[in-house]
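The values are calculated or read from the model by the stated rules, or taken from the named source; none is laboratory data. Model, not experiment: these values are computed from the prediction. Positions of Cβ are backbone-derived with ideal geometry, glycine not excepted, and every protein chain shown enters the neighbour counts.
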């Protein structure tokens, strides 16, 4: 990996080839100004490459003389080898010195290869798969019915035993065998338990088209991946807010809305419509025929899964919090209003408890916990924060309401982790001037979860926030802090740099939402550790899942007091593990079986009846926590900071 | 059984208490005039009860003196004990003496008890059954999902293992448990193979309503029975012509019509509509709620079954005669356009071959062949004549096209075996005057299968038919024989006695249809016997099935040469065995399983490629056969007859 050394601070950071130089500087925590999101238009992040080579896009913001002197714009420059870079004074947002560390590691999202490597290699076939067979032609000595011929050929050639046929598939057989002279492809559905079913018969060999949709149905966001089952890869992926949001942003309001038949029907249609648009989008992108989709593999929390299947979630809201179902029947896309052919199946991850859903089962699967021989803490940060503490013998889990802040919803200028979302923020402590980077390096449109975490943590570390989360009184003198419609707010992007044409701000209300969310997660982790009587520092790996951007600054996550302080190398940032787990299940029957085993093994801790939860929650409503002894590194960062009053 | 002795012939017949006196006289073959079908209006069948008591309905056709002298109308009089009856001269249609036998046995349809006794007692439960459970209420220590609670309770209380739930049933659960406070009834579908499925959940205990529909889908007629699964009885039953008849009267024309998609759809709708009307009728009659029906159990030939399920039968028509399916998937009534609730299931009997269907499997089941330890010939006479020769170790079967004559279709004045159908005929040989009895003892509307057999056999035995089936030239002098629109015809009922206001006639074309039908059946039996190298006289029991009326005159069936001549006590007339078998399957999982075993065991002989069939058929196209030595009793009856020329 190329090493990038910044002078005069003389700090270095190792990055992957092709990494953005501005991001590298932000990783290294050397102060630099950058307000355009990374698209090169503000021209502020000028750096001088003093040793080594880079790949830089020519910029009209730089004069020929400057280019000759080694100047580049950090945001439009890629690191391709070891370099030494100087940040000139004009690119400095303020006088605060770089923090006292000589190297930084940001947790990047696992690469696709790294994600795949967390689960063992597995040669089982997808649970829904087209199989091609050439049937012997019938004659008077062998005039068994067509269904029996097909059943025998599938057993002989593909070891599909005792297959049943749907009526629809039977109806297709006469036309298909006539057209293709007994060379046919059968769609074989082999779910958990029960005999395999043939749901479709097609003329000739159509096994080159084997696609499944993996869906993560989140309370706030829905993400789909189009999986090529032949190549074992995701060929297209996209996400959108769950349109159910219009009937309520959190799970409880959804449950209330879904407790009437009219509400249930509306919510079912809204989520089906959300998925429909995404599926049409990925299929168009990859030029895949929608009616030929093999199946959907759905991972969602228990309420979302109930709503997608049109099953009333009403009972989930009241003690003793009983869902209708924990496993969902094999059904067809059409029955749920999803796009696909009449044979396109829908298979759901099991939902072990009312507040512990298929998303977490899929996440635990994707994280490879069943195969990892170590004490693991799995934290999925979404509208609900679900926490699993596990080793190979047991799995204990809880769920706490985090609200939609981490998905950019319920935040004044929040947005999903999509192009234009501010995903990385640094704030200079003496001026409160920010450097920002957006997903896709385009003009900023809003703030996503990881940007929100960064921004609040940076404000705190810059001394701009008090420990209760309010903007400190002295920040009023900063031109970045002002009184807005909803109280005090911090201006992260001025209108002229914004892709929306308006200021992008962070309000005290936004910060409050984040505080409550992080407090709930930290309290949940504390309760689980107490349940199994372990010290949280014994945890060997922390897997952080959630629909953030490509980077999560774990040091800042810890500085906020959201996750316990542990050595950084114990952390893995896995991304949307729910979607990833659904993808695994789409590809492999064994993985789908393992998901069911995970669901059976899980012990659920109901926080609402847990004596300790509320105490932990109250203690966590401070930055980073009432008990600073638990956060020695955060304490150290606080101690280092050079705040406005000192600098000015 | 009461014994009825007729004088002066001094012949007697033993009948069941309550038997109609006119029918008794017809059984005994003593000549009597009767033209009104048995409703008492013609007043011709006067008899004098000389010893013993009867129950007679007073008739205005008799004077007080006559009543005092013991006169009754045979058709409105019931036998209640041993009696001696004189047929006075004025009731005699002609001078022919009674035939030389002193007792007669007509094969009556087995009683319901006798039908039931042909299969062993069986304690298994119906394949589709409502089960009531009282679920423990959930609390925080036991907050499993509702589906799991219900699954556990069903296993604990009713040994229903590993039940799956349909999406529809899951959707019903929240409302039902809320309404009925966890006391619920589940509709459990436990078909052959696979796990039981819960398809409906209802509040409270609804197990007092357990009804299934058994359906015999014939090419010509459709018959349904409403089965009370709690009481194990048929509570209503009715039949109608299959409305598909409008697209062709035989199976081949149906296959041709069903080979296009439009034709297939129309045929599916026509048979579904036929069944629908019958089901609504029986449910109305028994005051049973249609949406609450548990299931349909369907027995039909292979083509009819394909058409009902909307599966193209096209390939059945061409060598090698391959059907699409031999077993049909569990589906719902609604999917097939049949009346019922969304959970009402449809289960079909398996169809072992293209020309050997679920009707025969059901028939063999109802006949008790799997449990009978003897060589049995089973003949189901419908539009196709299906013949099974079996013992406990093997079953060999064939099918021959009989045409719809036996179901009263394709016959000038034919009708189904319903009220008003002439089901019994005697013809006096010197005058050709008939005595007729209708089903329901009402004015005659037409001729059903058993009436047709009787009528043709009587004409033959009266010398009115030549051995090739044409009316003998000398019959032209009879006022009952005339030249009609379609050649010569015999007038069975004059317009004044008819319920239709028109003459009811039997044409030479009608007779020809019957000749071809009986020849096909006899030839099929001969081929099967040759296949297994047995002499047909070794057969220990002959079971005759088919939708005839309440009686079949087996002696006349044999005189026609339709069935081989065997001692009368080896014959059993079982009625609609297809419907009866479907009823057994509705009542018992074991019976349904046995039906599948029967289908697996059956060896099918394809007559169209059998060398001997055509020879046998040609030899059988005479009355009774070219080889009279095979029909000694028929020969004897012919020898006895006193025909017009002799008498006049």
ask   = crowded, with 24+ Cβ neighbours inside 10 Å, more than 23 Å from residue A:496 (Cα to Cα) and out of contact with any helix residue (DSSP H, G or I) (no Cβ under 7 Å at 6 or more places or on another chain) - does that describe any residue in region A:462-471?
value = yes
note = Of the conditions (1) more than 20 Å from residue A:537 (Cα to Cα); (2) more than 14 Å from chain B (Cβ to nearest Cβ); (3) out of contact with any strand residue (DSSP E or B) (no Cβ under 6 Å at 6 or more places or on another chain), the single one that residue A:634 does not satisfy is (1)
task = Being within 7 Å of another protein chain (Cβ to nearest Cβ) and closer than 14 Å to residue B:355 by Cα is the filter here, so list the residues in region B:299-321 that pass it.
result = B:314, B:315, B:319, B:320, B:321
request  = Could you list, in sequence order, all residues of region A:468-491 that are under 15 Å from residue A:509 (Cβ atoms) and touching a residue at least 24 places away in the same chain (Cβ under 8 Å)?
outcome  = A:468, A:469, A:470, A:471, A:481, A:486, A:489, A:490
query = Condition test on residue B:178, is it within 14 Å of chain A (Cβ to nearest Cβ), in a helix (DSSP H, G or I) and over 30 Å from residue B:597 (Cα atoms)?
reply = yes
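Residues A:161, A:200: which one is more than 9 Å from every other protein chain (Cβ to nearest Cβ), surrounded by fewer than 22 Cβ atoms within 10 Å (Cβ to Cβ) and not in a helix (DSSP H, G or I)? Walk me through how you get there before you give the answer.
Details: A:200 fails: surrounded by fewer than 22 Cβ atoms within 10 Å (Cβ to Cβ).
Just one listed residue meets the conditions, A:161.
Can you say whether residue A:144 is surrounded by fewer than 19 Cβ atoms within 10 Å (Cβ to Cβ) and at pLDDT below 90, as far as the supplied structure shows? Spell out the reasoning first.
Details: surrounded by fewer than 19 Cβ atoms within 10 Å (Cβ to Cβ): yes; at pLDDT below 90: no.
It is false that residue A:144 is surrounded by fewer than 19 Cβ atoms within 10 Å (Cβ to Cβ) and at pLDDT below 90.
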task = Scan (1) facing chain B (nearest Cβ under 8 Å); (2) touching a strand residue (DSSP E or B) at 6+ places or on another chain (Cβ under 7 Å); (3) outside any helix (DSSP H, G or I) for the single condition residue A:187 breaks and write down its number.
result = (1)
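Test residue B:265 against the stated conditions and say whether it is at pLDDT 95 or above and in contact with a strand residue (DSSP E or B) (Cβ under 8 Å, 6 or more places away or on another chain).
On the way: at pLDDT 95 or above: yes; in contact with a strand residue (DSSP E or B) (Cβ under 8 Å, 6 or more places away or on another chain): no.
When the stated conditions are applied, residue B:265 does not pass them.
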note = Note on region B:417-442: residues surrounded by fewer than 24 Cβ atoms within 10 Å (Cβ to Cβ), within 22 Å of residue B:501 (Cα to Cα) and in contact with a helix residue (DSSP H, G or I) (Cβ under 7 Å, 6 or more places away or on another chain) are B:441
Positions within region B:41-95 being at pLDDT below 90, buried (at least 21 other Cβ atoms within 10 Å of the Cβ) and touching a helix residue (DSSP H, G or I) at 6+ places or on another chain (Cβ under 6 Å), in sequence order = none
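Find the residue count for region B:563-609, including only residues that are in a helix (DSSP H, G or I) and over 17 Å from residue B:365 (Cα atoms).
6
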query = Which residue, of A:396, A:436, is within 30 Å of residue A:21 (Cα to Cα), touching a residue at least 40 places away in the same chain (Cβ under 8 Å) and in a strand (DSSP E or B)?
reply = A:436
ask   = Quick one: which of A:339, A:370, A:329 is more than 12 Å from every other protein chain (Cβ to nearest Cβ), under 30 Å from residue A:172 (Cβ atoms) and surrounded by fewer than 24 Cβ atoms within 10 Å (Cβ to Cβ)?
value = A:339
remark   = Checking B:225, B:257, B:214 in turn, the sole residue that is without any contact (Cβ under 8 Å) to a residue 24 or more places away in the chain and either farther than 30 Å from residue A:309 by Cβ or within 13 Å of chain A (Cβ to nearest Cβ) (or both) turns out to be B:257
ask   = If only one of B:167, B:150 is surrounded by 17 or more Cβ atoms within 10 Å (Cβ to Cβ), within 44 Å of the chain's Cα centre (by Cα) and more than 8 Å from every other protein chain (Cβ to nearest Cβ), which one is it?
value = B:150
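One line per residue, one yes/no per condition, for (1) surrounded by 22 or more Cβ atoms within 10 Å (Cβ to Cβ); (2) away from every other protein chain (no Cβ under 14 Å); (3) in contact with a strand residue (DSSP E or B) (Cβ under 8 Å, 6 or more places away or on another chain):
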position	(1), (2), (3)
A:581	yes, yes, yes
A:584	yes, yes, no
A:599	yes, no, no
A:618	no, yes, no
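Hey, among the residues in region A:368-386 that are assigned to a loop (DSSP other than H, G, I, E, B) and touching a residue at least 40 places away in the same chain (Cβ under 8 Å), which one's farthest from residue A:119 (Cα to Cα)?
Filtering region A:368-386 down to residues assigned to a loop (DSSP other than H, G, I, E, B) leaves A:368, A:372-375, A:382-383.
The next check asks that each one be touching a residue at least 40 places away in the same chain (Cβ under 8 Å); those that pass are A:368, A:372, A:374-375, A:382-383.
Working: A:368: 5, A:372: 9, A:374: 14, A:375: 16, A:382: 23, A:383: 26 Å.
Once the filter is applied, the top-ranked residue is A:383.
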message = Quick check on my filter: what residues within region B:121-147 are part of a loop (DSSP other than H, G, I, E, B) and facing chain A (nearest Cβ under 7 Å)?
response = B:138, B:140, B:143, B:145
task = For residue A:55, work out the one condition from (1) within 29 Å of residue A:496 (Cα to Cα); (2) assigned to a loop (DSSP other than H, G, I, E, B) it doesn't fulfil.
result = (2)
